[in-house]
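Colleague: Structure provided below as structure tokens; questions to follow.
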Amino acid sequence: RSGNLGVLDYLKMKNIEADTSMRDSISKSSPDKPKKNKKKLGA
């Protein structure tokens with residue numbers, strides 16, 4: 001290939017960028033929320 005991005009390559013790259021941004025925002029916001037304590041069953 002000539003090294004140029006095709007339309008589908010560009011869309012795939014933008015989708016990966018958006019997914020990474022979403023995961024970063026989720027991971028930054030989760031420590032603010034209180035975690036539920038899981039109780040052990042049967043012990």
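Colleague: I need the phi-derived Karplus couplings for the range 20-27: 6.51 cos²θ - 1.76 cosθ + 1.60, θ = phi - 60°, integer Hz, Gly and Pro marked x.
Modeller: After applying 6.51 cos²θ - 1.76 cosθ + 1.60, I find 5, 4, 5, 5, 4, 5, 5, 5 Hz.
Colleague: Just to be sure I understand the model, the point goes 7 Å from the Cα along the line to the Cβ. What's the resulting M13 to K28 distance in nm?
Modeller: Going from the M13 label point to the K28 one covers 2.3 nm.
We did not get these values from a lab; they are worked out from the coordinates using the rules stated. Just so we're clear, the structure is a prediction, and the values are computed from it rather than from any experiment. Backbone-built Cβ (ideal geometry, glycine too); neighbour counts: all protein chains shown.
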